[in-house]
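In what follows, a single structure is set out as C-alpha cells and then discussed.
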Amino acid sequence: MFEAHLPTADLSASTDHPPSFQSGDERLIELPLYNKQHLCHTWVWTAKGKRKDQRGIPHDRLFVYVEYKNSKNTSCYLSKELKGESLIDQQFITLLAESLHLPDINASSTQRWIDQKMFK
C-alpha cells in the first residue's frame, strides 16, 4: 500500500518513470488487457493506496495503472484513481482499462512488447 500526495483525484498522465510500490501491495489484477480504442494489448495492474483529504485524514483508494509504448518506443504509464469500494471489482477495472485513451501510444510497438513479455 502507498499514499498518494498529489492534489488531484485524476492522475492521468504519461511519464517515463514507472510508479513505485512498497512491498506488500495487494493487486486485484496484473495482466495484459486488450484496449478496444487502440486495438492492442496493454499491461494493466492495480495497487491499493490512500489519499488524504483537506483535513489530513487518509482514505482508501485503488490506483489502476496502464503501461504502453509511445512513438519513441519508451514506456508510458497512465493512472486512474478509484474510490467507492462497492463499485470497484475486476470487471469494472477491466472495462475501464479496455476503453482508456492513451496519449501518444504506438499500438504496434505496444503489441510487440506485450507479445515478447508474455511469450519469453
Considering the stretch 33-63 alone, what residues qualify as being open to solvent by less than 30 Å² (accessible area, probe 1.4 Å), hydroxyl-bearing (Ser, Thr, Tyr) and under 20 Å from residue 107 (Cβ atoms)?
42
Output the residue which, of all residues in the stretch 104-120 that are in contact with a strand residue (DSSP E or B) (Cβ under 8 Å, 6 or more places away or on another chain) and either among the hydroxyl-bearing types (Ser, Thr, Tyr) or not in a helix (DSSP H, G or I) (or both), is nearest to residue 42 (Cα to Cα).
110
So for the stretch 64-87 (the condition being at pLDDT 90 or above, buried (at least 16 other Cβ atoms within 10 Å of the Cβ) and of a type in the set (Val, Ile, Thr)), does at least one residue qualify?
yes
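The values are calculated or read from the model by the stated rules, or taken from the named source; none is laboratory data. Nothing here was measured: the structure is a model prediction, and the numbers come from that model. All Cβ positions, glycine included, derive from the backbone under ideal geometry; neighbour counts span all protein chains shown. Surface accessibility is based on the protein's heavy atoms, side chains included, excluding ligands, DNA and RNA. Shrake-Rupley method; radii C 1.70, N 1.55, O 1.52, S 1.80 Å.
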